[in-house]
Amino acid sequence: METLNQTFSQLTRIVADNHGTFDKYLGDGLMAFFGAPIASDNDALNAVRTAVEMREAFQALKNEWGEGPRAQLGLAVGINSGEVIVGNLGSERLMNYTVIGDAVNVAARLEERAGPGQILIGETTHTLVEDLVVARKFGEIELRGRSKPVVAYELVRLFNAAEP
């Protein structure tokens, strides 16, 4: 619990710092989204920037933890862009502000396929940020619940502002 709380404290701060909306904790993971309640032209970039900063923060935590079982932990991220339904979902006893839709499902499946330290992004996200990131084609991958494979890219890093 201490490890998760320490990690979540760092990661949720990074989401907020990059104009994301924290959605929920999912066991040892978390879900966030960008573009709601207020959309911007930078939502995809904010999402990938968040992922890169999360990966760096998690590595810093691992360095702080040193050797031991926590040294084996990894952070995997899936990002996808597309139309979703956003709003309060639940029952009269409990409502959550969340997003649902195919784009959300694909992001979750990309995260499932990502390895430790890996950030996988969907083709639409890649198109929106391709001039601002270094990414390599991961390939077409079969995802649970989809009849056709999706094209995924592995996000390596953001371009430095000083780079051409």
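Each value in this text was obtained by applying a stated rule to the coordinates, not by laboratory testing. Note that the coordinates shown come from a computational prediction; the quantities given were computed from them, not determined experimentally. Cβ atoms come from the backbone with ideal geometry, glycine included; neighbour counts cover every protein chain shown.
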Sites matching GluC sites (Glu not before Pro) across the range 70-164 that sit in DSSP coil, with at most 15 neighbouring C-beta atoms within 10 Å:
GLU83, GLU92, GLU130, GLU142
Please check: in the Gaussian network model of the chain (C-alpha springs, under 10 Å), which one of PHE58, PHE138, PHE34 has the largest mean-square fluctuation.
PHE138
Among the GluC sites (Glu not before Pro) in the range 10-68, which ones are in a DSSP loop with at most 11 other Cβ atoms within 10 Å of the Cβ? Mind listing them?
GLU67
Determine, for SER40, SER91, the number of other Cβ atoms within 10 Å of each Cβ, and report the residues in order from fewest to most.
SER91, SER40
Taking the Cα centre of each part, how many Å lie between the range 28-65 and the range 74-118?
13 Å
Taking MET31, MET1, MET95 and counting other beta carbon atoms within 10 angstrom, the fewest-first order is MET1, MET95, MET31
Please compute the Cα-Cα pair-distance distribution of the chain with 10 Å bins starting at 0, giving whole percents from short to long.
10, 38, 36, 14, 1, 0
Descending semi-axes in Å of the range 14-89, equivalent ellipsoid built from Cα gyration tensor:
27, 14, 10
Taking neighbour Cβ counts within 10 Å as the exposure measure, how do LYS148, LYS137 sort from fewest upward?
LYS148, LYS137
How many percent of DSSP beta bridges within the chain run antiparallel, rounded to 5?
90 percent
Relative contact order in percent for the range 92-156 (Cα pairs under 8 Å, 6+ apart) equals 32 percent
Amide H to amide H, which residues 5 or more places from ARG157 or on other chains are under 5 Å from it, using H placed in the peptide plane?
VAL134
Relative contact order (%) - criterion: Cα under 8 Å, at least six apart; region: the range 11-164
18 percent
